[in-house]
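Structure first, commentary second.
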Amino acid sequence: MGIIIDEDTKVVVQGITGQQGKFHSEYMKEYGTDIVAGVTPGKGGKEVNGVPVFNTVERAKEETGANASIIFVPAPFSKDAALEAIDAGMDPVVIITESIPVQDTAKVMRMAELSGTTIIGPNTPGIITPGKSKVGIMPNHIFKEGNVGLVSRSGTLTYEIVNTITKNGFGQSTAFGLGGDPIVGMDFIDAFKLYEEDQETEAVIMIGEIGGSAEEKAAQFIEESYSKPVVAYIAGRTAPKGKRMGHAGAIVSEGGTGTAESKIKALEDAGVSVARMPTEIGEILKEELF
Amino acid sequence: MKLQEYQAADIFEDQGIPVAKRYLIEKPEEIKKVERPVVLKSQVRVGKRGKAGGILFAEDRKEAVEKAEELFGKNIRGLEVEKILVAEKAEIRNEYYVGLVMDRENKRPTLIMTTEGGVNIEEVAEKHPDKMAKRKIDPVKGLKGYEALHLADSIGLEGKELSEMAKVAQKLYKAFEKYDAELAEINPLVSTPDGLLAIDAVFNIDDNALFRQNFEKSESKLVTDREKRADEYGLAYVDLEGDIAIIGPGAGLVMASLDSVAEFGGEPACFLDLGGGADADDTKHALEIVSMKEGIKSIYLNIFGGITQCDKIAQGIIDFEPEKPTVIRMLGTNEEKGKEMLEEAGYDVVDGMDEGAKRAVEIRV
């Protein structure tokens, strides 16, 4: 089980002839992902690391049965690439590219909403269902099959935490990053709904950060309609007001909303165990699950 | 990027939104003949410039020149006045507001209108949210006339003003889309005997869309030299109050490292995100920036190599030779090689994130 992707996921890599696309298609294949096609307009008929390249996603689907897409194309062309993937029925569409104009992303998200397509990202490390498939750029060796679901607003911090829990003996059912651009597809609540239904997932780790109110909303959802244990970590307790901490959304407003304290309190009030440091998560999981 | 008022006014005029007759000056003697009373507005990128004395009025040319001289010599909230927009003073009956903002949570633009426009708009939003009418707009369909009319109707506008407001809103939406705005506000949109008139504006362009827009890059709003230098190098840097410099790949990991250092009783001096896939040069740049800061007592590099290769980071550290005590935590891609290089060069290398944070606090000099 696991969510969103599994052993039947057949991936088309949009932008496969670029440096990132080439490197990561090979690295995903190494993990065991079923990479069936690549797309770069004008390079149809070629091969990259043994993967056939097509001019369009629609053609790739006809020829290979691709059903999911990962996008590496540069930001100016990402909107068209995403709309093409949605139109061709790819689901999920994972957008690795970062810093896409927000007007473009808004249009992509609206089209995805109309067609019922799951979008992960932009500016995400992607998604992995260990042992089955990885549609992303995460380091392969830190993951392990298991029963802990993970959803995060960050990339490297996710690796850190996965590494910690794997060392503590906890594998993952699925792990993914929501993305760091101003507008992203899936949110925490979407993730909780899917993890609730997934029989393999026994507990969920949510990794949040300062800015916005997604964690507060997730806390409310957990309290009202989520039954499995949740362990959270919120980055940015030491962040000053009005400064953007790397990600577009990671900012405590001048008025003091979006602080780590507010998020931690909302989650604790909803019965979630919140770790002070990433390294504590393994211990907390042991308490929650045994 | 925040546009200046005069740039926003040009955009509005281009879209057919009614704007006062105006011209831009850089010297007092550029003031033209004054037939009707004028307003002189300093073009500085700060809010509430009226309250800070950045807006003055004049009845004739002599007075206008004097007022311009006064403004050019002024400092408005830390910024010098280099340009003044001279506009005809409007006969104001009422002050309205119309704005479009990209709403991140709803993933689409929101149109906002109120009849309570003017300088106290933030107070209205906070204390009388019922007076602000809002509507989510489908970014694929765009703003339809009936949607704008419905909103104008719900704030109580009638007759000619109702339809004028709806037209202004639609034109504003066109500008919002065409120029990749994140925020486009007309405040106030004033009611005059001749109809509605846009008096002032806030227009922020999405930085990620600047590649397809033709605006001169504005002066940086970054405050310190280190923040400016980091921006030139393409690194994300934030100055903080403490004495431990913290560097890492990825915003979330660096933030968590700051928190860990604080947990062990240390105070972070800065946040520096190398980004994904940083190499030796990026590492040298990062060390150069943190070394510019006075009062640094130790440096902590927390490196989790995913697409970042640990040995490249190690090379950067060895090449730069930081003067201050430095601790490096290294894990992930090419970890063994990176650690070996650093240990050979005599650096303090640790495995755990907590261990690194603790060491950074201990080794301060």
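The values are calculated or read from the model by the stated rules, or taken from the named source; none is laboratory data. This is a predicted model, so every value here is computed, not measured. All Cβ positions, glycine included, derive from the backbone under ideal geometry; neighbour counts span all protein chains shown. Surface areas here come from the heavy atoms of the whole protein model, side chains and all, with no ligands, DNA or RNA. Shrake-Rupley method; radii C 1.70, N 1.55, O 1.52, S 1.80 Å.
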Next on the checklist: If A:Ile161 meets every condition in (1) more than 8 Å from chain B (Cβ to nearest Cβ); (2) farther than 23 Å from B:Asp351 by Cβ apart from one, which number is that one?
Outcome noted: (2)
Checklist entry - Scanning for something within 13 Å of another protein chain (Cβ to nearest Cβ), open to solvent by 10 Å² or more (accessible area, probe 1.4 Å) and in contact with a strand residue (DSSP E or B) (Cβ under 9 Å, 6 or more places away or on another chain), does the range A:204-213 turn up at least one residue? => result yes
Next on the checklist: Can you find, within the range A:120-155, the residue that is farthest from the other protein chains (Cβ to nearest Cβ) among those that are in contact with an Asp or Glu (Cβ under 8 Å, 6 or more places away or on another chain) and open to solvent by 10 Å² or more (accessible area, probe 1.4 Å)?
Outcome noted: A:Asn147
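Quick check on my filter: what residues within the range A:57-74 are open to solvent by 60 Å² or more (accessible area, probe 1.4 Å) and in contact (Cβ under 8 Å) with a residue 24 or more places away in the chain? Reasoning before the result, please.
Taking the range A:57-74 and keeping what is open to solvent by 60 Å² or more (accessible area, probe 1.4 Å), we get A:58-59, A:61-63, A:74.
Across the range A:57-74, the qualifying residues are A:Glu58, A:Lys61, A:Glu63, A:Pro74.
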Next on the checklist: With the requirement that a residue be within 11 Å of chain B (Cβ to nearest Cβ), more than 28 Å from B:Lys358 (Cα to Cα) and either touching a strand residue (DSSP E or B) at 6+ places or on another chain (Cβ under 7 Å) or modelled with pLDDT of 95 or more (or both), what does the range A:249-263 give you?
Outcome noted: A:Glu254
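Mind listing just one residue for me: the one in the range A:236-248 that is among the small types (Gly, Ala, Ser) and at the interface with chain B (Cβ under 8 Å from one of its Cβ atoms) and, of those, least open to solvent (accessible area, probe 1.4 Å)?
Looking at the filtered set, the residue picked out is A:Gly236.
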Checklist entry - How many residues are basic (Lys, Arg), open to solvent by 30 Å² or more (accessible area, probe 1.4 Å) and either touching a residue at least 40 places away in the same chain (Cβ under 8 Å) or assigned to a helix (DSSP H, G or I) (or both) if we restrict to the range A:256-290? => result 2
Checklist entry - B:Asn208: modelled with pLDDT under 95, assigned by TED's automatic domain parsing to the domain that holds B:Gly142, of a type in the set (S, T, N, Q) and touching a strand residue (DSSP E or B) at 6+ places or on another chain (Cβ under 6 Å), yes or no? => result no
Checklist entry - For the range A:31-40, does any single residue satisfy the condition of being open to solvent by 10 Å² or more (accessible area, probe 1.4 Å), within 30 Å of B:Lys141 (Cβ to Cβ) and assigned to a helix (DSSP H, G or I)? => result no
Item to check | Of all residues in the range B:334-346 being buried (at least 20 other Cβ atoms within 10 Å of the Cβ) and not hydrophobic (A, V, I, L, M, F, W, C), the one that is farthest from the other protein chains (Cβ to nearest Cβ) | outcome: B:Lys339
Checklist entry - Can you spot a residue in the range A:215-235 that is within 12 Å of chain B (Cβ to nearest Cβ), in a loop (DSSP other than H, G, I, E, B), in contact (Cβ under 8 Å) with a residue 12 or more places away in the chain and open to solvent by 30 Å² or more (accessible area, probe 1.4 Å)? => result no
Item to check | Residue among A:Asp104, A:Asp80, A:Asp91 that is free of Cβ contacts under 8 Å to residues at least 24 places away in the same chain and either crowded, with 24+ Cβ neighbours inside 10 Å or acidic (Asp, Glu) (or both) | outcome: A:Asp80
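Could you say which residue among B:Val101, B:Val86, B:Val140, B:Val124 is outside any helix (DSSP H, G or I) and either farther than 30 Å from A:Leu114 by Cα or hydroxyl-bearing (Ser, Thr, Tyr) (or both)?
B:Val86
Conditions (1) in a loop (DSSP other than H, G, I, E, B); (2) crowded, with 18+ Cβ neighbours inside 10 Å, marked per residue:
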{"site": "B:Phe211", "(1), (2)": "no, no"}
{"site": "B:Phe215", "(1), (2)": "yes, no"}
{"site": "B:Ala230", "(1), (2)": "no, yes"}
{"site": "B:Val238", "(1), (2)": "no, yes"}
{"site": "B:Ala256", "(1), (2)": "no, yes"}
{"site": "B:Cys270", "(1), (2)": "no, yes"}
{"site": "B:Ala286", "(1), (2)": "no, yes"}
Next on the checklist: I need every pair where a residue in the range B:86-98 that is within 17 Å of B:Glu59 (Cβ to Cβ) and touching a residue at least 40 places away in the same chain (Cβ under 8 Å) has its Cβ under 7 Å from the Cβ of a residue that is in a loop (DSSP other than H, G, I, E, B) and open to solvent by less than 20 Å² (accessible area, probe 1.4 Å), sequence separation at least 6 or different chains.
Outcome noted: B:Val86/B:Ile31; B:Ala87/B:Ala20; B:Glu88/B:Ala20; B:Ala90/B:Ala20
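Taking B:Tyr146 as the residue in question, decide whether it is more than 14 Å from chain A (Cβ to nearest Cβ), aromatic (Phe, Trp, Tyr) and part of a helix (DSSP H, G or I). Step through it out loud before you land on a result.
Details: more than 14 Å from chain A (Cβ to nearest Cβ): yes; aromatic (Phe, Trp, Tyr): yes; part of a helix (DSSP H, G or I): yes.
Judged against the criteria, B:Tyr146 is a match.
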Checklist entry - Consider B:Ala166 against the criteria (1) touching a Gly at 6+ places or on another chain (Cβ under 7 Å); (2) of a type in the set (A, V, I, L, M, F, W, C); (3) not in a helix (DSSP H, G or I): it satisfies all of them except one. Which criterion is unmet? => result (3)
Checklist entry - Among the residues of the range B:240-251, how many are open to solvent by less than 20 Å² (accessible area, probe 1.4 Å) and under 22 Å from the mean Cα position of the chain (by Cα)? => result 2
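Considering only helices (runs of 4 or more DSSP H) fully contained in the range B:292-365, which possess at least 2 residues that are more than 16 Å from B:Ile247 (Cβ to Cβ) and touching a residue at least 24 places away in the same chain (Cβ under 8 Å)? Can you show your working first?
On the way: elements: B:310-320, B:335-344, B:353-362.
Filter on the range B:292-365 gives B:335-344, B:353-362.
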Checklist outcome for this item: When the range A:264-276 is checked residue by residue, the ones that are within 13 Å of chain B (Cβ to nearest Cβ) and touching a strand residue (DSSP E or B) at 6+ places or on another chain (Cβ under 8 Å) are A:Ile264, A:Val274, A:Ala275
Checklist entry - So, of the residues in the range A:156-174 that are of a type outside the set (S, T, N, Q) and assigned to a loop (DSSP other than H, G, I, E, B), which turns out to be surrounded by the fewest Cβ atoms within 10 Å (Cβ to Cβ)? => result A:Gly169
Checklist entry - How about the range B:231-253: which of its residues are under 16 Å from B:Thr326 (Cα atoms) and β-branched (Val, Ile, Thr)? => result B:Ile244, B:Ile246, B:Ile247
Checklist entry - Mind checking which residues of the range B:112-127 are touching a residue at least 60 places away in the same chain (Cβ under 8 Å) and of a type outside the set (Val, Ile, Thr)? => result B:Gly117, B:Gly118
Item to check | the range A:175-199 - residue that is open to solvent by less than 40 Å² (accessible area, probe 1.4 Å) and among the charged types (D, E, K, R) and, of those, modelled with the highest pLDDT | outcome: A:Asp198
